[in-house]
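Colleague: Have a look at this one.
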Amino acid sequence: METKATVIRDENSETAELRINMGPQHPATHGVFRMVLTLDGERVVTVEPHIGYLHRGSEKLTEGENFQQITTLFDRLDYISNFNNEWVYVRTVERAMEVEIPERAEFIRIILGELNRIASHFLFYGTYGLDIGAMNPVMIGFRERERIQALFEGVSGARMMHNYFRVGGVKEDLPDGFVPAINALLEHLKKGYEDAKNILTESEIFIERTAGIGALDAERTLDYGVTGPVLRAAGVDYDIRKADPYSMYSDLDFSVPLGSHGDCYDRYMVRMLEIEQSIKIIEQCIRRLPDGPIQGKVSRILRPPEGDFFVHGENPRGDLGVYLVSTGGTVRPYRLKIRGPSFSNLMALSSMMEGAYLADSTVILGSLDIVLGEVDR
Amino acid sequence: MNISDYISIFAIVFVMFNGILGSVLVVIYGERKVLARLQQRIGPSRTGPWGILQTLADAVKLVLKEDIRPQNSDRIIFYLAPLIIFTPIFMLWVVLPFGSGLVLGDIDLGLFYVSALLGLSVVGMVAAGWSSNSKYAMLGSARSAAQLISYELPLILSILSVGLFAQLFTDNPFNLSSIVNAQAGLPFIFVMPLAFVLFLIGGLAETARIPFDIPHADEEIVGGAFVEYSGIRWGAFQLSEYTGLITMAFLASILFLGGWSGPFSDKFVWLQPFYISSKTAFIILLAFWIRAPLPRLRIDQLMAFAWKAIIPISFANFILVSLVVFIGDRISLPIFQIQLILGLLNLISMIALAYLLTSRRKRRLAVYRERWGEK
Amino acid sequence: MFTALFLFFLWRPISLGTTTGLFTALKHAFRRPVTLQYPTEQPVLAPRFMAHPVLTWDFEVDEPYCTGCLICMKICPTDVITVSMKDNEKFASEDSKRRKIVDDFKLDVADCIMCGLCVDYCNFDAIVMSDHFDASVDNRSNLVHDLQTLLDEGKGQQEKGRWSPPATKKSQRRSAAQAKVSKPSSSEEAKESTSEENEIETD
Amino acid sequence: MSTDNFNQYTTEEFETATRAVLGDIKATVEPNFGELGIVCDRSDIVAICKIVKQDPGISMEYLRSISVVDWVEHMEVVYHLSSIKHMNRIVIKVVIPLEDLKIDSVITVWSGADWHEREGHDLFGVEFIGHPDMSPLILYEGFEGFPGRKSFEIPVQETFYGD
């Protein structure tokens, strides 16, 4: 459990710190992330994160696209939870244009968004298992995510880059036979969740590897602007779905799992319990899914009024915020700033990692569950 | 020795060598297939029927690949390191018996020879890590040096306890063939299960397999000591890894599972290699199974596990076996009774250890329960 | 008896979390593999599956639905579509109601992001997303599809039933989507909406 | 922290509370699309940030983002703050002239300002005084120009269609 050990040194011997370069091509950096570690033996002394290898200038690109086209860019930010990204963006424009969204569209969005959260957390589960050295989790994680993506394909026509949410509603109505399909899917997911839990949650080696590793207390976590499961693992009750409810979340019954120690194990547990909660939310939504239109009254050419709008939503990784500056009457945003949760979460990395073992560095990085598409934008 | 002797030795060595190479191919194929099944996959299925030629295709690819040496590496040691690892593992097979009399060199100090050669591969690892001029390789070799040396002790202590116990049956207790003969009545696994478990743990660690694959740790140091190697040299490392696994399983089946002995093995000599290889295969399958769901330990936890748990237990086990053998020999108990006493003692100590382990687990789980409630 | 006692004392180590993991893995070995043997087993594609866009063919008049109105070109986020229009000869001979018809249509699949916006914004239901997902070729220039290829592919899609004629499809979707009152026949609506919706600005 | 004290204030109460807390500092405080907008001078930014973070009634402990907006004739730095205790949000806007693109860093108030400020420096060339490390974050070393600005032209790359 103890993370700090005394380093015994022979005063006469000469030692030098070892600087190793992890990434951008490294199996455990989750994409093109690079960190320069200074090691004292097996122990990490300092960490220098380097990002930007996936910088595509998304913010700049939005200034050249119509409001309808920007959804496609948001699909490619956090490419694990595409629906959630699109959702925050369309909510921003809806907020600016004061569009009313039909209830059915809201429920469709919640179902898809929560499913995407489950898919994202399953992917986290898999890669996290792999970061720690276990092989089976990644297969279970991908197996379940694959099932969810097959459903997404039926709904939106694409497995990842959906472009399905529209300002004012969604693109098409749900396909025939969606409700039986999603009920069957939820049964599968529950079984898969049990499998997943059996392999890692109570495994002694897993607890040994994660409990007490990379711990940050609530105050410091918040100081870095960390959000999402990482913040909730530190015990801060901040879930935008509860704290600043959007869509129909205020009507739905679910709880926010909270950790207490803020270490890697708590982050893992928070995510796993969020899968349970998301399943609960989806079940409620299916029960309450009303008939009716799926598209509010919006003109086909979007011209938000003048002003600046900041809208945020709870992504699987945390608080995704979109800051839209509109000069009014134009079909393009003047400026669109994206506040990615992974970007802020990654800032806390170096203070989590100092003093940990080299082997823990991948465990800590994995527990943040970053997506580089969103960090670099 | 005349020329025909040399030719026959050469022929035997040639057959042995290729036999091992072939079995490595089979084991790698088997690992991929078994792991795939444990993960609800199919595994290799395209090359040949059921994909049986997949490892062969991989081997051919490795041979044809460009052989790269990093610029500032130490040339001689870099090229020598694969050989240093490769050779001792193959030299081990000289003394390993496939059946009664079916052994190349049936030397008296077989166990001694085995434990000496097992320790050699660490030299190759360090050489490879040092010469490649890569920090990842260096870390990997440092890790493997620490790990291999730590786990050599329990391994050798459990081997020694087998030799000690074999004393009761034979005058030649360090000879592998006579150890197998000693198990004709009752395989040693029933007499000293504790030593068997220790041997398995030590063997997993020696061959650097999950949960002890810290020297390789693909997610941290990307392959460890041989990260800079490519082509056939990398293949040589991989080959010796898997030969190591086969050797460990083979040794376990010789020392604990009764080797070639089995039903009718005396009457039909051709059954003997079959028995020993199926026992070996069983142990290898066990290693595959363990590999599938378990995470990897951290280096400090691994060392703590070795020095705080495994090594004291090995010593205790060794002392226990020697006491029982010594006293039993002195008061000239029948062998069956000695076996019974030792087996019972072993069982009791295993149960005690199991409780120790679970109480440790309770402590560990207390953290979990306190945080996340009764699950 | 002996075994039972042994197992009784060993139940605790067997109930270890790590052991549970081991047995869960073993359980997986007796389930059916989830692998899809791709080239031999083809995936079942959803009816809405989107690969790159292709053009549809009006079998009644024997000409493309596309009038070359450029709206797809304007709405495309990655600018992969290049269209030009010409006067329709069949309109002169009163075989067709389309005054203009597509002259040339180029689609660069290499840059296409398969978002489906062109299908959404097409006023004439002339575009449909194909299900041709294995689009790899050995030269990039083969990824630039011209009008003829797109129409041929579109015919294939129509035969597969992945597209329904505009009379049913668009009006259905509109009524479902915006609960509007149904509009008069499609050609008039098309003319109206062209003038209105061509406003989607390129700059 | 429990969910009980969410939205402790109404918008008006929050506005008056914030005004009272700011005291002598010259700043306009008015609602800005669902958030409370503060427009202030650039010399006061650190002082204001410290006040709104440390005051228990406002308690803006969470810095959501720092954005730079290029208005061609001047730049604007926008700070989005949020309180997790009270669930109120503040947006602080500071105008800085093009000739002197400098503003005090708020990294002493929130450590999370680190990368946001570096990004602003990368993309817009705004210098945050007091930030310990202003090296490029998402651009490579030696990149010419400021790609976030309106004046930056995105270089057009010809697609290579093979031989």
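Colleague: Going by the conditions given, is A:SER81 within 14 Å of chain D (Cβ to nearest Cβ) and at pLDDT 85 or above?
Modeller: no
Colleague: Any chance the stretch D:29-38 includes a residue that's closer than 20 Å to D:ALA113 by Cα and within 13 Å of the chain's Cα centre (by Cα)?
Modeller: Yes; the residues of the stretch D:29-38 include at least one that is closer than 20 Å to D:ALA113 by Cα and within 13 Å of the chain's Cα centre (by Cα).
Colleague: Regarding the stretch A:268-278, can at least one residue be identified that is at the interface with another protein chain (Cβ under 10 Å from one of its Cβ atoms) and part of a loop (DSSP other than H, G, I, E, B)?
Modeller: No, there is no match, as no residue in the stretch A:268-278 is at the interface with another protein chain (Cβ under 10 Å from one of its Cβ atoms) and part of a loop (DSSP other than H, G, I, E, B).
Colleague: For the stretch B:94-116, state whether one or more residues are within 14 Å of chain C (Cβ to nearest Cβ) and of a type outside the set (Val, Ile, Thr).
Modeller: no
Colleague: Need a quick list: helices (runs of 4 or more DSSP H) entirely within the stretch A:105-212 having at least 1 residues that are more than 11 Å from every other protein chain (Cβ to nearest Cβ) and not small (Gly, Ala, Ser).
Modeller: A:136-156, A:178-196
Colleague: Can you tell me which residues in the stretch A:64-78 are charged (D, E, K, R) and within 12 Å of chain C (Cβ to nearest Cβ)?
Modeller: A:GLU65, A:ASP75, A:ARG76
Colleague: When you scan the stretch D:96-110, do you find a residue that is small (Gly, Ala, Ser) and surrounded by 15 or more Cβ atoms within 10 Å (Cβ to Cβ), even just one?
Modeller: Within the stretch D:96-110, one or more residues are small (Gly, Ala, Ser) and surrounded by 15 or more Cβ atoms within 10 Å (Cβ to Cβ).
Condition check ((1) within 27 Å of A:ASP244 (Cα to Cα); (2) of a type in the set (Val, Ile, Thr); (3) within 14 Å of chain D (Cβ to nearest Cβ); (4) crowded, with 24+ Cβ neighbours inside 10 Å) across all residues:
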position: A:ARG300; (1), (2), (3), (4): no, no, no, no
position: A:HIS312; (1), (2), (3), (4): yes, no, yes, yes
position: A:GLY355; (1), (2), (3), (4): no, no, no, no
position: A:VAL363; (1), (2), (3), (4): no, yes, no, yes
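Condition check ((1) touching a Lys or Arg at 6+ places or on another chain (Cβ under 8 Å); (2) more than 18 Å from A:GLY321 (Cβ to Cβ); (3) at pLDDT below 85; (4) among the charged types (D, E, K, R)) across all residues:
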| residue | (1), (2), (3), (4) |
| --- | --- |
| D:VAL29 | yes, yes, yes, no |
| D:GLY37 | yes, no, yes, no |
| D:SER43 | no, yes, yes, no |
| D:ASP55 | no, yes, yes, yes |
| D:ILE58 | no, yes, yes, no |
| D:TYR62 | no, no, no, no |
| D:SER65 | yes, no, no, no |
| D:TRP71 | no, yes, no, no |
| D:MET75 | no, yes, no, no |
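Colleague: Still on this structure, please answer the following. Mind counting the residues in the stretch B:117-133 that are crowded, with 23+ Cβ neighbours inside 10 Å and modelled with pLDDT of 85 or more?
Modeller: So the answer is 6.
Colleague: Would you be able to tell me the number of residues in the stretch A:326-339 that are more than 9 Å from chain D (Cβ to nearest Cβ), crowded, with 23+ Cβ neighbours inside 10 Å and not aliphatic (A, V, I, L, M)?
Modeller: Counting residues in the stretch A:326-339 that are more than 9 Å from chain D (Cβ to nearest Cβ), crowded, with 23+ Cβ neighbours inside 10 Å and not aliphatic (A, V, I, L, M) gives 2.
Colleague: State whether one or more residues within the stretch A:229-240 are assigned to a loop (DSSP other than H, G, I, E, B), more than 12 Å from chain D (Cβ to nearest Cβ) and buried (at least 22 other Cβ atoms within 10 Å of the Cβ).
Modeller: no
Colleague: Considering each residue of the stretch B:263-281, count those that are loosely packed, with under 14 Cβ neighbours inside 10 Å and modelled with pLDDT of 85 or more, and give that number.
Modeller: 1
Conditions tested, residue by residue: (1) among the β-branched types (Val, Ile, Thr); (2) under 25 Å from D:LEU139 (Cβ atoms).
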residue	(1), (2)
A:VAL32	yes, yes
A:VAL36	yes, yes
A:LEU39	no, no
A:THR46	yes, yes
A:ILE51	yes, yes
A:LEU54	no, yes
A:GLY57	no, yes
A:LYS60	no, yes
A:GLU65	no, yes
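Colleague: Okay, moving on. Strands (runs of 3 or more DSSP E) wholly in the stretch D:17-108 with at least 1 residues that are among the charged types (D, E, K, R) and within 12 Å of chain A (Cβ to nearest Cβ) - which ones?
Modeller: Where strands (runs of 3 or more DSSP E) fall fully within the stretch D:17-108 and carry at least 1 residues being among the charged types (D, E, K, R) and within 12 Å of chain A (Cβ to nearest Cβ), they are D:35-40, D:62-70, D:74-82, D:89-97.
Colleague: Residue check, A:VAL99 against (1) among the aliphatic types (A, V, I, L, M); (2) in contact with a Ser or Thr (Cβ under 6 Å, 6 or more places away or on another chain); (3) over 24 Å from A:MET160 (Cα atoms); (4) in a loop (DSSP other than H, G, I, E, B), all met but one. Which one?
Modeller: So the condition that A:VAL99 fails would be (2).
Colleague: Taking D:HIS121 as meeting all but one of (1) more than 10 Å from every other protein chain (Cβ to nearest Cβ); (2) in a loop (DSSP other than H, G, I, E, B); (3) buried (at least 19 other Cβ atoms within 10 Å of the Cβ); (4) not aliphatic (A, V, I, L, M), write down the number of the exception.
Modeller: Status for D:HIS121: all satisfied but (2).
Yes/no matrix, rows are residues, columns are (1) modelled with pLDDT under 85; (2) assigned to a loop (DSSP other than H, G, I, E, B); (3) within 11 Å of another protein chain (Cβ to nearest Cβ); (4) surrounded by 15 or more Cβ atoms within 10 Å (Cβ to Cβ):
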| residue | (1), (2), (3), (4) |
| --- | --- |
| C:GLY68 | yes, yes, no, yes |
| C:PRO77 | no, yes, yes, yes |
| C:SER84 | no, no, no, no |
| C:VAL119 | no, no, yes, yes |
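Colleague: Taking B:SER178 as the residue in question, decide whether it is in a helix (DSSP H, G or I), small (Gly, Ala, Ser), away from chain A (no Cβ under 13 Å) and surrounded by fewer than 24 Cβ atoms within 10 Å (Cβ to Cβ).
Modeller: yes
Colleague: Restrict the check to the stretch B:46-56 and report whether at least one residue is assigned to a loop (DSSP other than H, G, I, E, B) and within 14 Å of chain A (Cβ to nearest Cβ).
Modeller: no
Colleague: Suppose the filter is in contact with a helix residue (DSSP H, G or I) (Cβ under 7 Å, 6 or more places away or on another chain), under 17 Å from B:ARG233 (Cα atoms), in the same structural domain as B:ILE156 (by TED's automatic domain parsing) and modelled with pLDDT of 85 or more; does B:VAL114 pass it?
Modeller: Judged against the criteria, B:VAL114 is not a match.
Colleague: Return the total of residues in the stretch D:77-109 being closer than 19 Å to D:GLY34 by Cβ and not aliphatic (A, V, I, L, M).
Modeller: The qualifying residues number 9.
Colleague: Please go through the stretch A:286-331 and give me each residue that is farther than 26 Å from A:GLY228 by Cα and either in contact with a Ser or Thr (Cβ under 8 Å, 6 or more places away or on another chain) or aromatic (Phe, Trp, Tyr) (or both), ordered by number.
Modeller: Scanning the stretch A:286-331 gives A:ARG303, A:PRO304, A:PRO305, A:GLU306, A:GLY307.
Colleague: Still on this structure: Can you spot a residue in the stretch C:100-112 that is within 14 Å of chain A (Cβ to nearest Cβ), assigned to a strand (DSSP E or B) and buried (at least 16 other Cβ atoms within 10 Å of the Cβ)?
Modeller: Looking for residues that are within 14 Å of chain A (Cβ to nearest Cβ), assigned to a strand (DSSP E or B) and buried (at least 16 other Cβ atoms within 10 Å of the Cβ), one finds none in the stretch C:100-112, hence no.
Colleague: Further, regarding this structure: List every residue pair whose Cβ atoms lie under 7 Å apart, where the two residues are 6 or more positions apart in sequence or sit on different chains, the first residue falls within the stretch D:124-145 and is at the interface with chain A (Cβ under 10 Å from one of its Cβ atoms) and free of Cβ contacts under 8 Å to residues at least 24 places away in the same chain, and the second residue, located anywhere, is among the β-branched types (Val, Ile, Thr) and assigned to a loop (DSSP other than H, G, I, E, B).
Modeller: Here the result reads D:LEU137/A:ILE51; D:ILE138/A:ILE51, each pair linking the stretch D:124-145 to a residue that is among the β-branched types (Val, Ile, Thr) and assigned to a loop (DSSP other than H, G, I, E, B).
The values are calculated or read from the model by the stated rules, or taken from the named source; none is laboratory data. The model shown is predicted, which means the values in this text are computed figures rather than measured ones. Every residue, glycine as well, gets a Cβ built from its backbone with ideal geometry; the counts of neighbours run over all protein chains shown.
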